[in-house]
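The values are calculated or read from the model by the stated rules, or taken from the named source; none is laboratory data. Computed from a predicted model, the values in this text were never measured in an experiment. Virtual Cβ from ideal backbone geometry, glycine too; neighbours counted across all protein chains shown.
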Amino acid sequence: MHHRRFTLIEMANVILIFGMIAAVAAPKMFDTAKTAEQNSSHQQLAILRNAIKTDRATEGVYPIANALPACSAPLLNGPFPKPMIGSIREKQRYITT
């Protein structure tokens, strides 16, 4: 009986193909943190937008920018979100008023 074995070149080709697949797939799999940050920001903005629209519907005018946290506090379910600048992975810096 003659057993056929893989040659070194065939093994190298398989490893090369796996490497190329990993190089294409890895950035898409590991980019979830940035996507989560963006989704969180979009959600916070949507909540603020809805609170502003509700306040305008209730009061008849848009709230003054400096009074936004006080006007929107009853409409928000929790504390007024702090706008973040930069990335979660970097140092977090907040806008202070």
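Listed by first and then second residue, the pairs with beta-carbon distance under 8 Å, at least 6 apart or on different chains, first residue in the stretch 35-56 and closer than 14 Å to Cys71 by Cβ, second surrounded by fewer than 13 Cβ atoms within 10 Å (Cβ to Cβ) and at pLDDT below 85, are Ile52/Tyr62; Asp55/Tyr62; Arg56/Tyr62.
Flag: Leu68 matches the condition of being part of a helix (DSSP H, G or I) and modelled with pLDDT under 75. Counting only residues that are in a helix (DSSP H, G or I) and surrounded by 10 or more Cβ atoms within 10 Å (Cβ to Cβ), which one in the stretch 22-31 is modelled with the highest pLDDT? Per the criteria, the residue is Ala22.
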